[in-house]
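The values are calculated or read from the model by the stated rules, or taken from the named source; none is laboratory data. All of these numbers come straight from a predicted model, not from anything done at the bench. Cβ sites come from the backbone with ideal geometry, for glycine too, and all protein chains shown count toward neighbours. We work out accessible area using only protein heavy atoms, side chains counted, and drop any ligands, DNA or RNA first. Shrake-Rupley method; radii C 1.70, N 1.55, O 1.52, S 1.80 Å.
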Amino acid sequence: MNRTEWNKEHIEGYVLSQVKEQLQLQEDVAPDYELASYGMDSFASMNLVVAFETNFNIVFEDEELLFENFATVQDMVDRIYGKLQP
Amino acid sequence: MNLAWVDCYIDKLLTLFPDIHPYAAMIDRWAFKPVWDGKGEEVDLSRVLATEEQLLTFYGIERSCENDWIDEALRSGHLVLLPCDLFYMPHAKVFYGKEHAGHFIVVRELLPGGSYLIFDDHPAFCGRMDRTGLKAAHDALGLPYQRFLPEMLQVTDASAIGYVSRMLKADSFFLSDFARRLLVSEETTMRKCLILKGTRHFNHRLNGFIRMVDAAPLPSGKGEAVSELRRSIIQYMDDWRVTVNLATRVLLQPELPIWDRVQNRLENHLESEALLPNAAVRFLELLHAEANG
């Protein structure tokens, strides 16, 4: 899929699948739910960063690599979506 | 077993004794010291433990370390801090069945049927755990549990400020020295990144200092100075966390040339050596101004 063709719904679907895999969750997660309560930590979030960069062909700046920037599914979707805009 | 600890059990002490003033309860975080040798990486807790002993004495908290199982202590109304391997703890989803890590949990109650009511602050959990699982998690470490009498002395702002003043003066900040030693060491890049990754919980300790600042009964009209101090700490904390996360990326993607960026960040940390000690001195001045005013 071309980077301009990703909409927020597609991004959310991918993000959610990666989060569930990373945290070994069976159930869906509300977009605004704090993932720390599911056991998300900075190490797990780095795994997700690598997956997002690879899948969406984007690069996060060093200063963005803070856990709270990826604290919820919505945070991740918004950040990825922002990177994909021309 | 040589394994990482993802805890600072002063946090659990706060759970058991919520009246302990946050100043004193958080101050041990300054004593955190990452070390490594030919065998592995760990956190040197000697200064933490020394600080903790002073803290317990200061607040009149009686503790004993026990090697038997916890049922009798719970039946006697004592509070229990139980060292556990998170590999066996289902509520710790990141570690459960995947990674070994030492951790303290609070055991609140022996429930009918022989299970236990446990509490953990991070990862947050309050609920039941069966005896077999809890005992396996505890036995994996081979460490004694801590048993506390459920009474303590009254803590006042004045006594807490007095305590924290002494501890801040006695402590010195070591993270720049850590960065310097890591840069000049002859370890491989991957080993250096592993060592750095081991400091990823350092932000919890600096967060403790933020809590101290927020809770301080500081003089009116000092809001700007406090905000500045808060910003200094957060900036320092975030800089270090980014460095650690970059090192984690090196471990995840060793083919990418990221180590140079990590190295540059470590060198920047050397330059900001005085930032936090200065912030701590400024904080102390404000506390003293209040205490004397």
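With a Förster radius of 25 Å applied to the beta-carbon distance between B:Arg108 and B:Gln54, the computed FRET efficiency rounds to 0.40. Note on B:Leu183/B:Arg231: beta-carbon distance plugged into 1/(1 + (r/R0)^6) with R0 of 30 Å gives a FRET efficiency of 0.65. When the P(r) is computed for region A:17-86, the part past 15 Å accounts for 49% of the Cα-Cα pairs. Take each residue in B:84-94, count the other chain C-beta atoms within 10 Å of its C-beta, and the mean is 2. The mean count of C-beta atoms from other chains within 10 Å of the C-beta of residues in A:43-51, rounded to a whole number, is 4.
A full extension of the chain between B:Cys65 and B:Asp37 corresponds to an added length of 7.2 nm, given 0.36 nm per residue minus the alpha carbon distance.
Here the accessible area of chain A is 46 percent carbon and sulfur, with a 1.4 angstrom probe and all protein chains present.
Taken along the Cα-to-beta-carbon direction at a fixed 7 Å, the label points for A:Leu25 and A:Asn57 span 2.9 nm.
With the cut-off at 21 Å, tell me which of the pairs B:Lys98/B:Lys197; A:Lys20/B:Lys197; A:Lys20/B:Lys192; B:Lys39/B:Lys197; A:Lys83/B:Lys93; B:Lys98/B:Lys135 have Cα atoms farther apart than that. Pairs exceeding 21 Å: A:Lys20/B:Lys197; A:Lys20/B:Lys192; A:Lys83/B:Lys93. Charged neighbours of B:Gly142, selected by a Cβ distance under 15 Å, balance to -3 (K, R count +1; D, E count -1). Heavy atoms of the protein chains alone define the surface here; on that basis chain A has 50 Å² accessible area per residue at 1.4 Å probe size.
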